[in-house]
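Written below as structure tokens is the structure these notes are about.
The values are calculated or read from the model by the stated rules, or taken from the named source; none is laboratory data. As the structure is a computational prediction, the values presented were derived from the model and not from experiment. Note that we place each Cβ from the backbone using ideal geometry, even for glycine, and neighbour counts take in every protein chain shown. Keep in mind that these areas ignore ligands, DNA and RNA; they rest on the heavy atoms of the full protein, side chains included. Shrake-Rupley method; radii C 1.70, N 1.55, O 1.52, S 1.80 Å.
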Amino acid sequence: MNLSLTRRYRFSASHRLDTPQFSEAENRRVYGKCNSPHGHGHNYALEVTVSGPVDSATGMIANLGELDPFVEQEVIGPFDHKYLNEEIAEFQSLVPTTENVCREIFRRLEKFPAARLERVRIEETSKNSFEIAREN
Amino acid sequence: MIRITRKIEFSAAHFYHNPNLSAEENHRVFGKCNNPRGHGHNYALEVTIAGEPDPTTGMVLDLKELKEILQREVMDRMDHRHLNYEVPELAGLIPTCENVATVIWKLLEPKITSGKLDRIRLYESPDLFVDCTAASTNGAGSQE
């Protein structure tokens with residue numbers, strides 16, 4: 001039997017899908033209304049899954065008293081109520097599709113010292129979700 | 001292979017306390033979950049069974065049977081109970097979501113005689129859940 005723990009967080013942010021590798025017309029064609037020049041926003045839901053041995057002293061894979069502040073520091077604080085294209089350094093040169101946001105959040109949370117990050121899943125809206133799992 | 005999932009909900013009380021730690025350490029490690037008077041949650045449990053449909057009935061497992069197993073093994077034991085005091089299988093364990101899910105897995109696994117227990121997902125709240133998955137699979141996306 002394998003065991004994992006998943007915690008769900010929320011943040012709200014704006015973004016614009018636009019790449020300098022395309023012309024203005026191509027950006028408009030590829031990204032449609034997501035290319036709207038001043039950006040638009042979403043209420044993102046973020047699921048973070050970790051695994052590891054259950055500590056016999058605490059009964060826990062990871063103490064939420066450690067996981068929550070780590071996710072707050074690495075992701076929620078920097079991302080919540082921000083314009084991702086301009087306020088997250090990595091997205092100044094990378095289009096902040098939710099695929100890329102998944103990758104960036106996985107990269108940030110992979111440093112969590114107390115358990116092994118297995119998966120990051122993001123609901124961009126109630127209709128679209130994206131996930132990235134550790135590759136073994 | 002087909003997976004079928006049944007969901008149940010139960011409500012229970014618990015608190016976290018390790019008698020081997022000092023009062024200060026318990027408070028530091030468990031925070032507000034250490035309140036000795038306890039607190040409660042509405043738990044939701046998703047139980048997934050994997051198998052091939054029986055050629056006669058077209059079912060992996062009769063959901064009526066699964067419902068009865070879940071009633072007997074989980075609801076009767078845990079619904080409207082205090083997990084620290086009233087569930088013998090949790091005696092000596094801190095009733096975290098991890099430990100409660102593990103106990104439920106061990107209770108259910110031998111009772112599933114048609115198909116195999118593939119996954120249980122125990123929600124302590126909408127924002128926190130634990131998955132137990134069969135060791136031979138890697139959850140979603142595993143082989144047929």
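Some notes on this structure:
- For the residues of B:27-34, the average number of beta carbons from a partner chain within 10 Å of their own beta carbon is 3.
- Accessible area ranking (1.4 Å probe, heavy atoms, ligands and nucleic acids excluded), largest first, for A:15, B:17, A:42: B:17, A:42, A:15.
- Entries in B:67/B:116; B:32/B:106; A:127/B:116; A:127/B:64; A:82/B:32 that, when Cα-Cα distance is taken, lie over 23 Å: B:32/B:106; A:127/B:116; A:127/B:64; A:82/B:32
- Per residue of A:64-70, other chain Cβ atoms within 10 Å of the residue Cβ number 2 on average.
- Amide H to amide H, with H built 1.01 Å from N, residue A:82 comes under 5 Å of A:14, counting only residues 5 or more places away or on other chains.
- Rolling a 1.4 Å probe over the protein heavy atoms leaves residue B:70 with an accessible area of roughly 0 Å².
- Where only C-alpha atoms are counted, convex hull volume of chain A per residue in Å³: 121 Å³
- Near residue A:99: Cβ cut-off under 14 Å, other residues only, Lys/Arg at +1 and Asp/Glu at -1. The net charge is -2.
- Accessible surface of chain B, 1.4 Å probe, proportion on carbon and sulfur as whole %: 50 percent
- Within region B:75-97: backbone nitrogen closer than 18 Å to the residue B:111 label point (7 Å, Cα to C-beta): B:75-83, B:86-91
- Remark: mean inter-chain Cβ contacts per residue of B:125-134 equal 5, using a 10 Å Cβ-Cβ cutoff to other protein chain atoms.
- Interface burial in region A:1-40, defined as at least 10 Å² less accessible area with all protein chains than with the chain alone at a 1.4 Å probe, covers A:1, A:2, A:3, A:4, A:5, A:6, A:7, A:8, A:10.
- Per residue accessible area of region B:1-129, 1.4 Å probe, in Å²: 53 Å²
- Selection among B:110, B:88, B:122 by position relative to the dipole of region B:24-144 gives B:88 as farthest towards the positive end (Cβ unit charges, Cα centre).
- In Å, descending, principal axis extents of the Cα set of region B:7-144: 60, 30, 25
- Theoretical ellipticity at 222 nm over chain A - DSSP helices of four or more residues, -39500 (n - 2.57) apiece, nearest 500: -6500 deg cm²/dmol
- Heavy-atom accessible area for residue B:114, with the other protein chains in place and a 1.4 Å probe, reaches approximately 40 Å².
- For the protein assembly as shown, the Cα-based Rg and Dmax, in that order, read 21.8, 67 Å.
- Interface B-A: total buried accessible area of about 1700 Å², 1.4 Å probe, protein heavy atoms only.
- 3J(HN,Hα) from dihedral phi, region B:91-97, Karplus parametrisation 6.51/-1.76/1.60, rounded to Hz, x for glycine, proline: 4, x, 10, 6, x, 6, 4
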